[in-house]
Amino acid sequence: MYAIVDIETTGGKFNEEGMTEIAIHKFDGKKVVDKFITLVNPEIPIQPFVVQLTGINDKMLVKAPKFHEIAKQIIQITEGCIIVAHNANFDYRILRNEFRRLGYKYTRDTLCTVELSRKLIPEQESYSLGKLCRSLGIPMSDRHRANGDAVATVKLFKMLLNKDVEKFIIKANIKSEGKVKAINTPTNGISDKFVKILEKSPRKTGVFYLHNQKGDIIYIGKNRNIRNGVNQLLLRTSKRAKTLHKQIDDISFEETGSLLIANIKSNEEVAVNKPYFNAPKRIHIPTTVFNTENALLIDLGRNTAEKSVFLLQNGQVKGFAYIELAHQINHVSIVENILSPIDNNLYNRHEIKKFMDSGKFKKIIRIEAE
């Protein structure tokens, strides 16, 4: 679970700033499940340049709650969460300073979307939230206000989760969360721990990751129905399967909407992460040539408002992305920026060509070559 945070302050000397506004969006990896948004009375004046930047002035905060009045709510909504923020060092420092003034030691694990963006979306002109969102086609409103920036950070973080082939974010989350407790009492032949793992698994199309006690990924699977895929794996009785069962400590998953993306993501992530219990594939894949060299291939998204899109350029597979806005499809440069690159290898080309030949893509948009 993640707590995506944005904080506005009074400005001033380092470690003497006061909080003026906070927005927290509790995010489960798919959607926001809770929110906490409020102005805060810092009990010190706001610096003039901050007033000009945010539009928040001293008069607006006279009747706002003081930090000690909201501290308990912040602890509760962020309990068991990783703090995620754009420049997490700043927001986490402000939170810890406010709690320190109350005599309370506030500690949470953190992830910074600036650092993640530099790693996963390299060579951007700027990694400021506004400029980065603009280049990725992420809409923004209420810039330099806590909730507006938090909403944009949620959308950016969803994109980063999708681009994270090495599963750095998921591994950090698994290590931060409490593990599923093992109970040795069987339920219809399945341990209580496995029942809990099944209950966590959605009935959605996607990729799932089984973790050991260290949080390492030991198996990657995919299915049109993740829960069915996990259940089938847990019911296997081979010697290798039983060894896997003993090492399973937790599960994470990524909904893809598209079965094609689930197939490609799982194959690529097995190659990158090399989970111990994924047997190498030994299959003959024919050489594939596409009928069109430059196109956007549109498929299902993870929800009704979203679509997935594959990009072909000069007969090469470039990658895929999720989009919600028509203008993102209409501008190939935006698609290129938000793209999760995939290898132009025989497996990926063959899977995409099979999808095309069977007419499963919802739409194919041919584009002009550069």
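Below are the figures for this structure:
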| read-out | value |
| --- | --- |
| Relative intensity, log₁₀ I(q)/I(0), of the stretch 241-295 from a Debye sum that treats every alpha carbon as a point, q = 0.12, 0.14, 0.20, 0.21 Å⁻¹ | -0.47, -0.61, -1.04, -1.10 |
| Segment Asn231-Asn87, extension gain: residue separation times 0.36 nm, minus the distance between their alpha carbons | 47.9 nm |
| Estimated vicinal HN-Hα couplings, Hz - the stretch 261-274 in sequence order (Karplus 6.51, -1.76, 1.60; Gly, Pro = x) | 5, 4, 4, 6, 4, 5, 5, 5, 6, 5, 5, 7, 8, 6 |
| Highest-MSF residue in the chain out of Ile329, Ile170, Ile83 [GNM, Cα springs under 10 Å] | Ile329 |
| The stretch 299-370: C-alpha gyration tensor shape, a/c 1.5 cut-off, then a/b vs b/c | oblate |
| Cα centroid separation, the stretch 200-220 to the stretch 43-74 (Å) | 42 |
| The chain: relative contact order in percent, alpha carbon pairs under 8 Å with at least 6 residues between | 12 |
| Cα gyration tensor shape of the stretch 102-143, rounded if a/c is under 1.5, else prolate or oblate by comparing a/b with b/c | oblate |
| Distance (nanometres) between label positions extended 7 Å along Cα→Cβ at Met1 and Asp28 | 1.0 |
| Extension gain, Gln213 back to Thr292 (0.36 nm per residue minus Cα-Cα distance, nm) | 23.7 nm |
| For the chain, accessible area per residue (1.4 Å probe, heavy atoms of protein chains only), Å² | 50 |
| Relative contact order [Cα under 8 Å, 6+ residues apart], the stretch 58-142, whole percent | 24 |
| Cα-based Kirkwood hydrodynamic radius, the stretch 1-116, one decimal, Å | 14.5 |
| The stretch 249-259 - phi-based ³J(HN,Hα) in whole Hz, Karplus 6.51/-1.76/1.60, Gly and Pro as x | 10, 7, 9, 10, 7, 9, 6, 10, x, 8, 5 |
| From phi via Karplus (6.51, -1.76, 1.60), per-residue ³J(HN,Hα) for the stretch 316-321 in Hz, x at Gly/Pro | 10, 7, 9, x, 9, 8 |
| Three-way shape label, the stretch 49-123, alpha-carbon gyration tensor, a/c 1.5 | oblate |
| Under 25 Å from the Cα of Lys66 - lysines, other chains or at least 8 residues apart | Lys13, Lys26, Lys35, Lys105 |
| Entry for semi-axes √(5λ) of the Cα gyration tensor in Å (calculated from the structure that is shown) out of (i) 31, 23, 20; (ii) 39, 24, 19; (iii) 40, 29, 15 | (iii) |
| Cα→Cβ-extended label distance, 7 Å offset, between Thr243 and Tyr276, nm | 0.8 |
| Relative packing of peptides 51-58, 304-311 - highest average C-beta neighbours within 10 Å first | 304-311, 51-58 |
| Where Cα atoms sit under 14 Å apart: lysine pairs in the stretch 203-297 separated by 8 or more or lying on different chains | 4 |
| Kirkwood hydrodynamic radius of the stretch 5-58, Cα pairs, Å | 12.2 |
| FRET efficiency estimate (nearest 0.05) - Cβ-Cβ, Glu166 to Thr304, R0 25 angstrom | 0.25 |
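The values are calculated or read from the model by the stated rules, or taken from the named source; none is laboratory data. Keep in mind the model is a prediction, meaning the values are calculated, not measured. Heads up, the Cβs are rebuilt from the backbone with ideal geometry, glycines too, and the neighbour counts pull from every protein chain shown. Just the protein is used for accessible areas: all its heavy atoms, side chains included, with ligands, DNA and RNA removed. Shrake-Rupley method; radii C 1.70, N 1.55, O 1.52, S 1.80 Å.
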